[in-house]
1. Residue 236: which lysines have alpha carbons under 25 Å from its alpha carbon, excluding same-chain residues fewer than 8 sequence positions away?
2. Share of the chain's accessible area from carbon and sulfur, percent, 1.4 Å?
3. Among the aspartates and glutamates, which have Cα under 16 Å from the Cα of residue 212 when same-chain residues fewer than 8 positions away are ignored?
4. Enumerate the aspartates and glutamates that residue 714 could reach by cross-link, defined here as Cα to Cα under 14 Å, with residues fewer than 8 away along the same chain left out.
5. Rank 794, 292 by accessible area, highest first, at a 1.4 Å probe radius?
6. Ordered by residue, what ³J(HN,Hα) values in Hz, to whole numbers, does the stretch 359-375 give under the Karplus form 6.51 cos²θ - 1.76 cosθ + 1.60, where θ = phi - 60° and Gly and Pro are x?
7. Return the sequence-ordered ³J(HN,Hα) values of the stretch 795-800 in whole Hz as given by the Karplus equation 6.51 cos²θ - 1.76 cosθ + 1.60 applied to θ = phi - 60°, using x for Gly and Pro.
8. What pairs in 756/792; 396/432; 260/396; 756/780; 130/233 have C-alpha atoms more than 19 Å from each other?
Amino acid sequence: MIIPSCTYRIQFNPRFTFNHLAEIIDYLEELGVTAIYASPILQPARGSEHGYDGIDTSRLNPELGTFENLKALCEELKPRGIGWIQDIVPNHLAFNTTNVWLRDVLERGMNSSFSDYFDIDWEHPQIHHKLMAPFLETSLEETIDQGKLALFYEPDKGFYFSFYNQQYPLCFESYTQLLSLCFQEKKEEIKPGLDSLISQIKTGYDNWQQLKKNFLDQLSRSPFKGVQDGIIKLSKDRPALLQLFASQHYVLCAHTESHKYINYRRFFNVNGLICLCIEKEKVFDDYHRYIHELYEQGIIQGLRIDHIDGLRNPHEYIRRLRKLFGEDCYIIVEKILDVKEELPASMAIHGTSGYEFLSYINQVITDRKGSEKLLAIYNEYVPENRNYQDIVFNNKLANFDTYLHGEWDNMIRYLLSLNLVENEEIKIPPLKLALGVFMAAFPVYRVYIEQLPLDINDERLVVEAFVFAFKRYPELKCELTLLRSLFEPHPDEDRNSRRLLFIQRLMQFTGPLAAKGIEDTTFYQYNPLISHNEVGDQPCVLGIPVREFHEKMQDRQQRNSLSMNCTSTHDTKRGEDNRIRINIISEFAEEWSVLVAEWQKLNEPYRKQVNELRAPIVNDEYFLYQAIIGGFPEDLIVNEEFIQRTKKYFIKVLRESKFMSDHVKPNIPYEEACIAFIDHLFNSEHGFLPTLIPFVKKIIRYSNIYTMVQVIIKTTAPGIPDIYQGCELWDLSYVDPDNRRPVNFELRRELLGQLKQKEQEKIDYLLEWASNNYEIGTQKLLVTKKILSLRKQHNRLFIEGDYIPVYSEGSDRVVIAYFRRLWEQWLLVVLPLGLVANTGKELRIKIPDEAPQKWRNLFTREKVNSDSLDVRLLFNKFPVAVLEPY
């Protein structure tokens, strides 16, 4: 197995294909990348911008290119030492009528070869033996009346209902109703063939496709005009048309119905993503067959598993995956680890995609004392948001009730179906509430339980959830006690097995509940310092001591040294440099307090009355000021593109917060008032920009240094550094889709060429060039290139080497320094912290006796010979330092 020294995330889409990647291979090689980390490449819904909405697991996405294109691409990568880590999505596929497996389910229902491939409750009391299809904008009847849903016929497809770009196939059992209308002349000739086809409806998929083709060929020989006339006649007969809909294997209904009931498991609350039963061997085998072929052919060398928390038994899944792909396949999982949990040591994986690292580095860069002041300021403006844990709990429970109510009901029905409730005095409504309370109180996304009794870590988390639940809802003591008993072993093996079935099912929903309640709601409501409203991080902790960071890195080296170190992904709430800027507000807390008060007074006339409130409300306004600072153009010039991006982003913020607006029922008057407010802020004749820009300029001055600090820690601390596409220069993006904008690789290639040229001329010219062009991120590019080249040469040092903290003499928050050591190989990293408060302070770092005493600065080439380093001198020519022995 080859462990990459650096991965580079590529977001494929119809405008960035295999051929586009081939055009930048030389650039990525020169940058120091040793593995492509690719977004999903199996066929998704047409036009997909991300690839997570798969429709066919047996072929590549044709919008990205052919197999020959991919093979040629990989043949270019291999000689350059660049591997391929592939993102796969075993949890779900698109609920789309072009989905190969799902279309067969829509056509044949429970008779389909794939009826048990999807996590469908065929016994649901409200949708018995059918699949719910909640995609209409209104009721079925109204949609028909509006002309948006109509019956069509194509010779090679047969009959289908068309709704926008979706074509819902008619089941062949319902063709009987159409024979006399559409095929009157050949009705008697066609009927035997139809009867024969229906009699074989349970046959295998391949045979069914052939039988169906034969029958459709027979239909196609009928006059087309007669078919069209029949369709027109049927369309005018409302009762007959509704009867035709009722005879299908699916139930088309308004999308809002899914908030009340649902009979398939979704990815979070996204109706358009239907989950798989990947725990079934045949589903596992069929899903992974083609991706494994790519692995066997040497096209890919590693896997990233998307949303492993959605799987029924992640441990079992990884065991099967490891057996299929072997020990030499580099495998990581998308797992959001809370500060109070650890990655299960027994899982045969190499680590995570790195969100926990993002949290660590985000926290150590934030000034704790300044953050305490920021929290006090925020509490004055928004006193109702003082208790973060209460906000999280309430939001999780509210999301359960509002958007996942069907899943909530399904969990209770499943519990009852397993005969796990023996106390006849227990009533269903309080039991349901108790279940929701426990799930909302669960302190992490989920645990991976395979047996009873629970292991010590899982038991601790379960107990913590029940303690919180009992405290919040003491009146549910009886119901919560019953639920608590389910997590305890029972002497009866059958009962034990049923308990385990329920627990594993339960855990498939605590993760989505946490994601919806925290990432997609609380992170837009609780706003003391929104740089910590981030995937993997938590805004109730604003800054950690350097010593704690060192401890986390030492632990990471021991436990997860092959996990990725990410700072931006397609899922992060803001770009890595956007986040850095907002963090720096913690070093200007007093000035921030004055500015916010000034801005509120200045901008009050532009807040509009919407019903009984002024828009934007204070909490949204406070969020907006931080967001603008994070995303403000580096050249300080406000252009129309930035204004429009900010508006689009802020609409999403308002809807995600679910306080004044939401995605289901947008509050258009409030949103329009907020957009008008943004227009006033960016009006050059208004007084906001003249007070904002000097502060942003000051923030940028320090953020340029902190960005390099972040890059260097990411690339030298334990873990595999991952660069999200384009982030070798500034990443000031907002949340998706803003962070999936096209990357200007020509600019990056040109800058890298200039960097190489300046380096060959003279080091002082290189540093001057990087400093003079900081507005486009050349300093960040410089340190990225330098460290990645170093990692390429000495990958074992960073993978296997010890992480040895170095503590400065004096204040804790002045410098962060550490050695990486593998036998006789050494590296010393010295980086500044507390830039605002510590400018000009004298500081020395003691070099231990066993370490080398002669060092060369990687960036300046200056030599240092001493057992005690003067930090001010280290940063004299360049504000960060990485030292190699010479």
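The values are calculated or read from the model by the stated rules, or taken from the named source; none is laboratory data. Owing to the predicted nature of the structure, the values given are computational and were not obtained by experimental measurement. Note that each Cβ is placed from the backbone with ideal geometry, even for glycine, and that neighbours are counted across all protein chains shown. Heavy atoms of the whole protein, side chains included, go into the accessibility calculation; ligands, DNA and RNA do not. Shrake-Rupley method; radii C 1.70, N 1.55, O 1.52, S 1.80 Å.
1. 148, 157, 186, 187, 191, 225
2. Details: 17260 of 34410 Å².
The value for the chain is 50 percent carbon and sulfur by accessible area.
3. Here the aspartates and glutamates satisfying the reach criterion relative to residue 212 are 104, 107, 154, 156, 173, 195.
4. 356, 576, 577, 722, 728
5. Values: 794 60, 292 35 Å².
Listed by decreasing accessible area, they come as 794, 292.
6. Values, residue by residue: 5, 4, 6, 5, 6, 6, 6, 7, 7, 5, 5, x, 5, 4, 5, 4, 5 Hz.
7. 4, 5, 4, 7, 7, 9
8. Details: 756/792 17 Å; 396/432 15 Å; 260/396 17 Å; 756/780 14 Å; 130/233 27 Å.
As for pairs spanning more than 19 Å Cα to Cα, those are 130/233.
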